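A quick write-up on the structure given underneath.
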Amino acid sequence: MPNDRGRVEGKVAIVTGAASGLGKADAIRLAEEGAAVVLTDIDAAAGQAVAEECGGTFIEQDVGDESTWPTLIEKTIAGHGRLDVLVNNAGIAPLGDIETTTTEIWRKTLRVHLDATFFGCHYAMPMLKQSGGGSIINMSSTAALVAMAPYLAYSAAKGGIRSMTKAIAAYGRRQTNPVRCNSIHPGSILTPMVQSALETGTGFKIAETDDPEATRIAMGIGEPQDVANLVLFLASDESKHINGAELVIDNGSPTPSRPK
Ligand SMILES: NC(=O)c1ccc[n+]([C@@H]2O[C@H](COP(=O)([O-])OP(=O)(O)OC[C@H]3O[C@@H](n4cnc5c(N)ncnc54)[C@H](O)[C@@H]3O)[C@@H](O)[C@H]2O)c1
């Protein structure tokens, strides 16, 4: 029987870092398939614009600030009555190896990635259970699997997210209304974060090449839509038996997720 319902119709999803890149693509894709989406970001102007584009609701939030989380969950429940999906996506990627990483970079990176993912999961869990069970999707990185020397704090934070995800999955499956928790590990995906890392590292600008699309493919770099489709699958009931998994999305790229 054909089914014209959206793949996440009736679900309510929070996506952090939704003003740009992967979070923006995730929010749009979830909304296209019928979810009511609450978008958060520190960049209020860009976040509001994405919310208008996809018919979602924008709430300004610094994910590393614990006090913002209870308010975000309360506003989501007040506006939509339930919470089914949390996408912990917001992130930064400051450069720094073991010698050049300052304590400030270390703390800032762990705050935005590791602290924030903990806060999100901690404060969302009761509401996910109350809504009948749900899905948490934590954005890690291939840097969690084969660490990157120039991104020490980032690699450590993403590794922490990977392990925390599995502990939450083991907890969530035992609840009366089970909550799933999975991590996504993208390789390079063409977003403002990766464009700026490329430019900082090499001065290379994909957009200024003769054929940016061919260059992107030749460099093994994916598109935000590729990750958004995986987020959609994990948010939907199609993935109901997938819990505690680490899903690599890098088109078999030899680095950094796999040794050459
Ligand atoms: N693009 C990639 O190749 C890639 C690969 C692996 C993992 N990731 C991860 O995917 C996520 C999204 O990255 P992206 O490439 O889309 O980057 P991006 O820079 O395009 O977007 C990140 C978003 O997070 C927001 N943000 C930053 N700090 C925040 C804070 N304290 N509170 C709330 N929002 C904040 C930014 O304003 C921005 O809108 C990150 O967690 C990143 O580590 C990206």
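The values are calculated or read from the model by the stated rules, or taken from the named source; none is laboratory data. Predicted model, so just to flag it, every value in this text is computed and none were measured. So basically every Cβ, Gly included, is an ideal-geometry build from the backbone, and we count neighbours across all protein chains shown.
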query = Out of segment 89-111, which residues are surrounded by fewer than 24 Cβ atoms within 10 Å (Cβ to Cβ) and either modelled with pLDDT under 95 or within 14 Å of the ligand (Cβ to nearest atom) (or both)?
reply = 92, 93, 94, 95, 105, 107, 108, 110, 111
request  = Collect the residues in segment 1-44 that are over 19 Å from residue 181 (Cβ atoms), more than 16 Å from the ligand (Cβ to nearest atom) and basic (Lys, Arg), keeping them in residue-number order.
outcome  = 5, 7
request  = Starting from segment 82-94, take each residue that is in the same structural domain as residue 235 (by TED's automatic domain parsing) and touching a residue at least 40 places away in the same chain (Cβ under 8 Å) and list its partners that are near the ligand (Cβ under 10 Å from one of its atoms) and assigned to a loop (DSSP other than H, G, I, E, B), counting only C-beta distances under 7 angstrom and pairs at least six apart or across chains.
outcome  = 89/17; 90/17; 90/63; 91/17
query = What pairs come up if the first residue lies in segment 54-67 and is touching a residue at least 40 places away in the same chain (Cβ under 8 Å) and near the ligand (Cβ under 6 Å from one of its atoms), the second is assigned to a loop (DSSP other than H, G, I, E, B) and among the small types (Gly, Ala, Ser), and their beta carbons are under 8 Å apart, counting only those six or more places apart or on different chains?
reply = 63/17; 63/90
task = Scan segment 12-34 for residues that are part of a loop (DSSP other than H, G, I, E, B) and in contact with a helix residue (DSSP H, G or I) (Cβ under 7 Å, 6 or more places away or on another chain) and report the count.
result = 5
query = Taking segment 18-27 as the region of interest, how many residues are out of contact with any Leu (no Cβ under 9 Å at 6 or more places or on another chain) and surrounded by 24 or more Cβ atoms within 10 Å (Cβ to Cβ)?
reply = 2
ask   = How many residues does segment 201-238 contain that are assigned to a helix (DSSP H, G or I) and at positive phi?
value = 0
Test: residue in segment 125-141 that is more than 13 Å from the ligand (Cβ to nearest atom), among the charged types (D, E, K, R) and either assigned by TED's automatic domain parsing to the domain that holds residue 21 or surrounded by fewer than 24 Cβ atoms within 10 Å (Cβ to Cβ) (or both) = yes
The listed residue being touching a helix residue (DSSP H, G or I) at 6+ places or on another chain (Cβ under 7 Å), over 17 Å from residue 181 (Cβ atoms) and aromatic (Phe, Trp, Tyr), out of 119, 58 = 58
inquiry  = With the requirement that a residue be among the small types (Gly, Ala, Ser) and closer than 12 Å to residue 216 by Cα, what does segment 178-205 give you?
reply    = 188
query = Among (1) away from the ligand (no atom under 14 Å from the Cβ); (2) in a helix (DSSP H, G or I), where does residue 47 come up short?
reply = (1)
note = Within segment 28-42, of all residues that are under 16 Å from the mean Cα position of the chain (by Cα) and free of Cβ contacts under 8 Å to residues at least 60 places away in the same chain, the one surrounded by the most Cβ atoms within 10 Å (Cβ to Cβ) is 39
